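The values are calculated or read from the model by the stated rules, or taken from the named source; none is laboratory data. All figures in this text were calculated on a predicted structure; none of them were measured in a lab. Reconstructed Cβ throughout: ideal geometry from the backbone, glycine too, with neighbour counts over all protein chains shown. Only protein heavy atoms, including side chains, enter the accessible area calculation; ligands, DNA and RNA are left aside. Shrake-Rupley method; radii C 1.70, N 1.55, O 1.52, S 1.80 Å.
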Amino acid sequence: MNEREKYLRALKIHKISVIALRISILILFLLVWELFSSCGIIDSFFFSSPSRIIKLFISMDKSSLLKHIGITLFECICAFTISMCLAMVLAVLLWWSDFLRKILDPYIVIINSLPKIALGPLIIIWVGIGKKAIITMGVLICIIVALTTMLSGFISADPDKIFLLRSMGATKLQILTKLVIPSALPSIVSALKVTIGLAWVGTIMGEYLVSGAGLGYLIIYGGAVFKLDLVMLSTVILCILAGAMYAVVSFIEKIVIKTK
């Protein structure tokens with residue numbers, strides 16, 4: 001076995017070990033949770049248990065549950081997509097104009113530090129109740145983080161390469177498309193990863209405010225009537241959906257790395 005084969009084998013073993021440990025940690029957590037609940041170490045009424053969550057899932061009306069999942073997933077994907085598109089456009093504009101970036105920089109910091117939940121009543125007045133308000137909340141939470149992450153990648157493009165392209169007569173648009181954006185792909189992927197989690201946070205926060213359906217609504221309803229198994233089931237579903245979206249972005253990242 002040559003050195004290359006040894007390296008590839010070690011790499012494969014490492015990858016399998018990571019996946020196996022991830023699954024083992026999850027299984028161990030669920031077993032400990034179920035054991036503590038069964039033994040009375042924790043109160044299953046307040047903390048639920050894996051078995052209670054599974055029983056509730058089996059007994060629930062699947063069409064109604066799928067409706068709530070579909071509503072929240074649609075709102076999250078809309079907030080995520082709109083945030084990324086707006087962030088990309090704004091990042092390009094701020095990279096294009098250094099003067100504009102210096103003017104808007106303090107405002108971006110202030111907006112990012114503003115607690116978005118405080119804007120909830122205003123959002124309802126501005127766009128009305130329902131999906132528009134929820135998606136708007138998600139966008140407000142996501143866009144600044146996505147913008148700053150992308151802009152950081154754009155600004156960090158190699159200045160020597162930019163100078164070389166300029167000396168060869170390249171336009172600013174050519175520099176952007178041929179150098180800046182390709183070099184910022186890791187930052188764009190990082191923005192995607194971060195924005196996924198924030199999109200879910202924003203969507204659930206929006207559903208807390210105005211929704212009559214969705215997983216956020218189920219969590220509020222379950223807490224109000226002390227159906228905490230429903231709260232935990234909704235939370236577990238949120239984790240699964242967020243993990244699935246993260247897996248899609250990770251797959252995109254692998255493609256980006258291979259094509260670079």
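Set the Förster distance to 45 Å, then compute FRET efficiency between Val32 and Asn112 from the Cβ-Cβ distance, nearest 0.05.
The value I calculate is 0.75.
Among the listed pairs Lys116/Lys227; Lys15/Lys254; Lys161/Lys254; Lys178/Lys254; Lys62/Lys193, give every one whose C-alpha distance is greater than 19 Å.
Lys116/Lys227; Lys161/Lys254; Lys178/Lys254; Lys62/Lys193
Arrange the peptides 166-173, 139-146 so that the one whose residues have, on average, the most other Cβ atoms within 10 Å appears first.
The most tightly packed comes first, giving 139-146, 166-173.
Ignoring ligands, DNA and RNA, please state the percent of accessible area on the chain from carbon and sulfur, probe 1.4 Å.
The value for the chain is 73 percent carbon and sulfur by accessible area.
Rounded to the nearest 500, what is the 222 nm mean residue ellipticity of the chain from helices alone, with -39500 (n - 2.57) per DSSP H run of 4+ residues and division by all residues?
It lands at -28000 deg cm²/dmol.
Over the chain, what is the relative contact order in whole percent, taking alpha-carbon pairs under 8 Å and six or more residues apart?
24 percent
Any idea how far the Cα center of region 204-260 sits from the one of region 57-88, in Å?
What the calculation gives is 8 Å, centre to centre.
Can you compute the FRET efficiency between Ile129 and Lys67 using 1/(1 + (r/R0)^6), with r the Cβ-Cβ distance and R0 = 22 Å? Round to the nearest 0.05.
Using R0 = 22 Å, I get an efficiency of 0.75.
Determine which aspartates and glutamates satisfy two conditions relative to Lys131: a Cα distance under 14 Å, and not lying fewer than 8 residues away in the same chain.
Glu75, Glu207
Can you put Val231, Val180 in order of accessible area, largest first, using a 1.4 Å probe?
Descending order: Val231, Val180.
Let me spell out the model: positive unit charges on the Cβ of Lys and Arg, negative unit charges on the Cβ of Asp and Glu, origin at the Cα centre of region 128-260. What dipole size does that give, in debye rounded to 20?
That gives region 128-260 a dipole magnitude of about 440 debye.
If I compute Rg and Dmax of the Cα atoms in Å from the structure I just sent, which labelled value in (1) 23.0, 74; (2) 17.5, 49; (3) 18.8, 64 lines up?
Evaluating Rg and Dmax of the Cα atoms in Å on these atoms matches (1).
Between Ile13 and Tyr246, what length comes free when the chain is fully extended (0.36 nm per residue of separation minus the Cα-Cα distance, one decimal in nm)?
Result for the pair: 81.6 nm of gain on full extension.
So how much accessible area does Lys161 have, in Å² to the nearest 10, using a 1.4 Å probe?
Number for this one is 110 Å².
Give me the accessible area per residue for the chain, probe 1.4 Å, as a whole number in Å².
Here the per-residue accessible area is 61 Å².
For region 152-260, calculate the relative contact order in percent as a whole number, restricting contacts to Cα pairs under 8 Å that are 6 or more residues apart.
Computed value for region 152-260: 23 percent relative contact order.
Output the DSSP H helices from the chain with an along-axis C-alpha extent of no less than 18 Å and a mean Kyte-Doolittle hydropathy no less than 0.0.
Membrane-span-like by this rule: 3-39, 62-96, 98-113, 131-155, 185-210, 228-259.
How much length, in nm to one decimal, is gained on full extension between Ser152 and Arg166, taken as 0.36 nm per residue of separation minus their Cα-Cα distance?
Contour length minus the Cα-Cα distance gives 2.9 nm.
Suppose accessible area is computed on protein heavy atoms with a 1.4 Å probe; arrange Tyr208, Tyr7 from highest to lowest.
Tyr7, Tyr208
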